[in-house]
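K.L.:
Attaching a single structure in structure tokens format; questions to follow.
The values are calculated or read from the model by the stated rules, or taken from the named source; none is laboratory data. Not measured: the values here are computed from a predicted model. Heads up, the Cβs are rebuilt from the backbone with ideal geometry, glycines too, and the neighbour counts pull from every protein chain shown.
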Amino acid sequence: MKKRILKTKLCNMLGIEYPILSAGMGPTLIGENTGAPVELAVAVSEAGGLGVLGGSGFTVDELRQAIREIKAQTDKPFGVDLLLPKSLAAEAESATSGGGPVEMPLKDVIQAIPKEHLDWLNKLIEDMQLPDVDTILRMDTTTMRPKEAVDVCIEEKVPLFCAGLGNPGFMVERAHAAGMKVLGITGNSKNARRMADSGVDLLVAQGHEGGGHTGRIGTMALVPAAIDAAKSVPVLAAGGIGDGRGIAAALAMGCVGVWIGTRFLATDEGGALDINKQVIIRATDEDTRVSRAYTGKTLRANYSKFHDLWDQSGLAPLPFPTQVIISSYLLSAFIEAGKTDHVGGLAGQISGIINEIKPARQVLEEMVDETVDILFRKIPDNVQMG
């Protein structure tokens, strides 16, 4: 079969065949990189898109090693996604660069959370007879040391730096000097304008439908507003896109490409836990929830009974990333206890049309085929014009 052609301005900017990027996606559990590993980034890039490594679960040294592993497995462009919470950088790095422990048992760290949260957690553990958790909290991850992680990306000259959280404008000049492109993600037009003014090369407008950290505005409303606000900065669409129909719609609205998470998470190479992949393929379009229970920020995940437990607690979420300590502890305990109905990984509403785990290459090729077929028709079969 003849290879399909699907090119936009984005392809020329990044040196790729198809305007499809796999989202970085972070770890499901703290210290465990289960979002977008090396294998997924390589598979998507080799298939003609641009694979993005989810770097938030790595230590700084592991991040450098993972980048080099990608380079060893493909000569195609790729990206790295990091979380850049603005309030975290200075204090987190000062706390981990002064000779303190780089690893601590999560069950010890949990003792430092506020008393009302700890009391709730202990009562829950007792009532549900949850086991002790042996998970280790690593204090030297890229999320805890974001400045050093950014330095690694620049030193390694990663083709595309992606900020999954926060404005990367502060490092644009250095990135450009290293021959890199910089991408920011926004959930509203105000932030799109702010990021565009900061000098980023690309913007992802992620709608409320998207998995992981998400905003309040739906994709169809957000994308045109973000394009207008970004002015000359090209925009990619994200949120609720998992096949060629979504890609064609995004291109029709003026986007230069798409940023796809959940569909690539549910692939052979996707880093989600097997239990969470199965949840995605069983899910309907109504089976996700937006909650602050996981990270302290609004985050969409497949529904589980953990959402109910948190809602019933009446507690206010702790700031990111402290809330992650609570959710990680509980999710680790739920998994160990076999309480799978309390476990649900990050995923978007597009889960409702995902019915099979496939290789990432096959997913991308099917997306391209469907997009090209739709765009070739120009006028959909269900539309009459005169």
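K.L.:
Of all the residues that make up the stretch 173-186, how many are surrounded by fewer than 20 Cβ atoms within 10 Å (Cβ to Cβ) and not basic (Lys, Arg)?
P.N.:
Here the count works out to 5.
K.L.:
Taking the residues in the stretch 291-321 that are in a strand (DSSP E or B) and among the small types (Gly, Ala, Ser) as candidates, determine which candidate is surrounded by the most Cβ atoms within 10 Å (Cβ to Cβ).
P.N.:
The selected residue is 301.
K.L.:
What are the residues in the stretch 212-223 that are at pLDDT 95 or above and buried (at least 16 other Cβ atoms within 10 Å of the Cβ), if any?
P.N.:
Residues satisfying the conditions are 217, 219, 222, 223.
K.L.:
Identify all residues within the stretch 313-329 that are of a type in the set (A, V, I, L, M, F, W, C) and either more than 18 Å from residue 111 (Cβ to Cβ) or touching a Ser or Thr at 6+ places or on another chain (Cβ under 6 Å) (or both); write none if there are none. Write out each step before concluding.
P.N.:
If we filter the stretch 313-329 for residues that are of a type in the set (A, V, I, L, M, F, W, C), which is where we start, we get 315-316, 318, 320, 324-326.
Listed by number, the residues that qualify are 316, 320, 324.
K.L.:
Quick check on my filter: what residues within the stretch 170-217 are among the small types (Gly, Ala, Ser) and within 19 Å of the chain's Cα centre (by Cα)? Outline the logic, then answer.
P.N.:
Residues of the stretch 170-217 that are among the small types (Gly, Ala, Ser), as a first pass: 175, 177-179, 184, 187, 189, 192, 196, 198-199, 205, 207, 210-212, 215.
Within the stretch 170-217, 184, 187, 192, 205, 207, 210, 211, 212, 215 qualify.
K.L.:
List every residue pair whose Cβ atoms lie under 8 Å apart, where the two residues are 6 or more positions apart in sequence or sit on different chains, the first residue falls within the stretch 337-363 and is on the phi < 0 side of the Ramachandran plot, and the second residue, located anywhere, is surrounded by fewer than 17 Cβ atoms within 10 Å (Cβ to Cβ) and among the aromatic types (Phe, Trp, Tyr).
P.N.:
Correct list of pairs: empty, since none qualify.
K.L.:
Please work out if residue 360 is surrounded by fewer than 23 Cβ atoms within 10 Å (Cβ to Cβ), out of contact with any Lys or Arg (no Cβ under 6 Å at 6 or more places or on another chain) and more than 21 Å from residue 187 (Cα to Cα).
P.N.:
For residue 360, the condition - surrounded by fewer than 23 Cβ atoms within 10 Å (Cβ to Cβ), out of contact with any Lys or Arg (no Cβ under 6 Å at 6 or more places or on another chain) and more than 21 Å from residue 187 (Cα to Cα) - is not met.
K.L.:
Mind listing just one residue for me: the one in the stretch 24-66 that is at pLDDT 95 or above and assigned to a loop (DSSP other than H, G, I, E, B) and, of those, surrounded by the fewest Cβ atoms within 10 Å (Cβ to Cβ)?
P.N.:
Top of the filtered list is 48.
K.L.:
Please indicate, with yes or no, whether at least one residue in the stretch 346-365 is at pLDDT 90 or above, farther than 30 Å from residue 112 by Cβ, hydroxyl-bearing (Ser, Thr, Tyr) and in contact with a Phe, Trp or Tyr (Cβ under 9 Å, 6 or more places away or on another chain).
P.N.:
Taking every residue of the stretch 346-365 in turn, none turns out to be at pLDDT 90 or above, farther than 30 Å from residue 112 by Cβ, hydroxyl-bearing (Ser, Thr, Tyr) and in contact with a Phe, Trp or Tyr (Cβ under 9 Å, 6 or more places away or on another chain).
K.L.:
Look at residue 262 and say whether it is among the polar types (S, T, N, Q), surrounded by 19 or more Cβ atoms within 10 Å (Cβ to Cβ) and more than 16 Å from residue 208 (Cβ to Cβ). Explain how you work it out, then say what you get.
P.N.:
Details: among the polar types (S, T, N, Q): yes; surrounded by 19 or more Cβ atoms within 10 Å (Cβ to Cβ): yes; more than 16 Å from residue 208 (Cβ to Cβ): no.
Considered against the rule, which asks whether it is among the polar types (S, T, N, Q), surrounded by 19 or more Cβ atoms within 10 Å (Cβ to Cβ) and more than 16 Å from residue 208 (Cβ to Cβ), residue 262 comes out as no.
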